[in-house]
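Here's the structure, in structure tokens; my notes come after.
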Amino acid sequence: MQYPIVWEVKYTEYSLALILFMAGFLFWFYGSRSKWLNQRLSGGYGEDRGQAYQVLLKRFMGFLFYGIIPATVLLSTQPYGWKDYGVSARIPAEAWYWILILSPVLAGAAWIGARKPDSRNMYPEIRLKSWNWMTFTLSILGWAVYMLGYEFMFRGFLLFAGARALGAWPAILISTILYVLIHVPKNKQEAIGAIPLGVLLCIITFRTGSIFVPVVVHTTMAIANNWFSLKFHPEMQLEKRWSR
């Protein structure tokens, strides 16, 4: 059977979104793990604080490469606005129902996972033995910013552009596959858990027409995981006083 290689205009937006994702992931993954960056931060702030700053920088780099740069490129080159990518000031009532249902469930999963040795070897990502409230607040802010860019990409640009090019279900499957693949380097449990969560968040996004639920739910899960991982880690503690 012959398959003519013919470019169709309807694939332009989605192809650009995929290219931005792949390029963004590579720049984020290798840039945030740069040995040069690690040496510079460790040399300037000490090994422990340098590692903490590198983690925070990694999260802000994620916002840059997943959110700001793709948004700038797509919004300036494609005939679509923020609302076409699930960003709107109008939040439907259904969105709040999903948030009330999913947030406690995922926070509970974080509570269970934080008690496991494998999880404690990975989380919290900042490996300071003694945390103060400034560090904890910066960690939460970093997670919130990172998840905003993260959801812009997966449930915003990739999902809506994919639906316009291929249809809803192909877009959901491709977005979820990519979502699962970037969890594989972490551990098997996170990769497996990303399958149902990825599909569900995509469906909710289409139902509500907004990425609001994925952003809030994903951020809640990250913050809960940060808190419980710190709380149950035998070698880490949170200071009672506020200090830098």
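Please treat every number below as a calculation from the coordinates, not as lab data. The structure displayed is predicted, hence computed values, not measured ones. Positions of Cβ are generated from backbone atoms using ideal geometry, with glycine treated the same way; all protein chains shown enter the neighbour counts.
Taking θ as phi - 60°, what are the ³J(HN,Hα) couplings along segment 35-43 by the Karplus curve (6.51, -1.76, 1.60), each to the nearest whole Hz, with x for Gly and Pro?
Listing the rounded values in order: 5, 4, 4, 4, 5, 5, 5, 5, x Hz.
Which cross-chain or sequence-distant (5 or more) residues have an amide H under 5 Å from the amide H of residue 238, H modelled 1.01 Å from N in plane?
131
Between 24, 142, 108, where does the largest GNM mean-square fluctuation fall for the chain, given springs only between Cα atoms within less than 10 Å?
Result for the chain, Cα springs under 10 Å: 108 fluctuates most.
With only Lys, Arg, Asp and Glu charged, each at its Cβ (+1 for the first two, -1 for the last two), find how big the charge dipole of the chain is about the Cα centre; round to the nearest 20 debye. It would help to have the intermediate numbers written out before the result.
Details: 23 positive and 12 negative charges, 129 e Å.
Here the size comes out at about 620 debye.
Per DSSP H run of n ≥ 4, the term is -39500 (n - 2.57); total these for the chain, divide by its residue number, and report the mean residue ellipticity at 222 nm rounded to 500 deg cm²/dmol. Could you put the intermediate results ahead of the total?
Working: 11 runs with 166 residues, N = 244.
Helices in the chain give a 222 nm mean residue ellipticity of -22500 deg cm²/dmol.
I'd like to know which of 112, 144, 154 lies farthest towards the positive end of the charge dipole of segment 9-238, counting +1 on Cβ of Lys and Arg and -1 on Cβ of Asp and Glu.
Of the listed residues, the answer is 112.
Using only the alpha-carbon atoms, how far is helix 47-63 inclined from the longest principal axis of the chain? Give it as 0 to 90 degrees, nearest 10.
Helix 47-63 and the main axis of the chain meet at about 20 degrees.
For the charge dipole of segment 9-238, defined by +1 on Lys and Arg C-beta atoms and -1 on Asp and Glu C-beta atoms about the Cα centroid, which residue among 182, 30, 65 has the Cα displaced farthest towards the positive pole?
Of the options given, the answer is 30.
Number of Lys-Lys pairs in the chain under 29 Å by Cα, sequence gap 8 or more or different chains?
Lysine pairs satisfying the spacing and distance rule in the chain number 24.
Mind putting a number on the dipole of segment 17-93 about its Cα centre? Charges go on the C-beta only, +1 for Lys and Arg and -1 for Asp and Glu, and I need it in Debye to the nearest 20.
On the way: 8 positive and 3 negative charges, 14 e Å.
Dipole of segment 17-93, to the nearest 20 debye: 60 debye.
Taking only Cα atoms and a 10 Å spring cutoff, compute GNM fluctuations for the chain and point out the largest among 152, 136, 60.
Comparing 152, 136, 60 in the GNM, the peak value goes to 136.
Working from Cα positions, state the angle (0 to 90°, nearest 10) between the long axis of helix 168-181 and the longest principal axis of the chain.
Once rounded, the angle reads 30 degrees.
Toward the positive end of the charge dipole of segment 9-238, about the Cα centre and with charges on Cβ (Lys, Arg +1; Asp, Glu -1), which of 20, 75, 172 goes farthest?
20
If we count other beta carbons within 10 Å of each Cβ, what is the order of 133, 143, fewest first?
Working: 133 14, 143 23.
Neighbour counts put them in this order, fewest first: 133, 143.
Mean-square fluctuation check for the chain, GNM, Cα pairs under 10 Å: which of 82, 111, 36 is largest?
Maximum among the listed residues: 36.
Test of understanding: ordering 155, 49, 115 by Cβ neighbours within 10 Å, fewest first, what list do you get?
Details: 155 28, 49 15, 115 12.
Lowest count first: 115, 49, 155.
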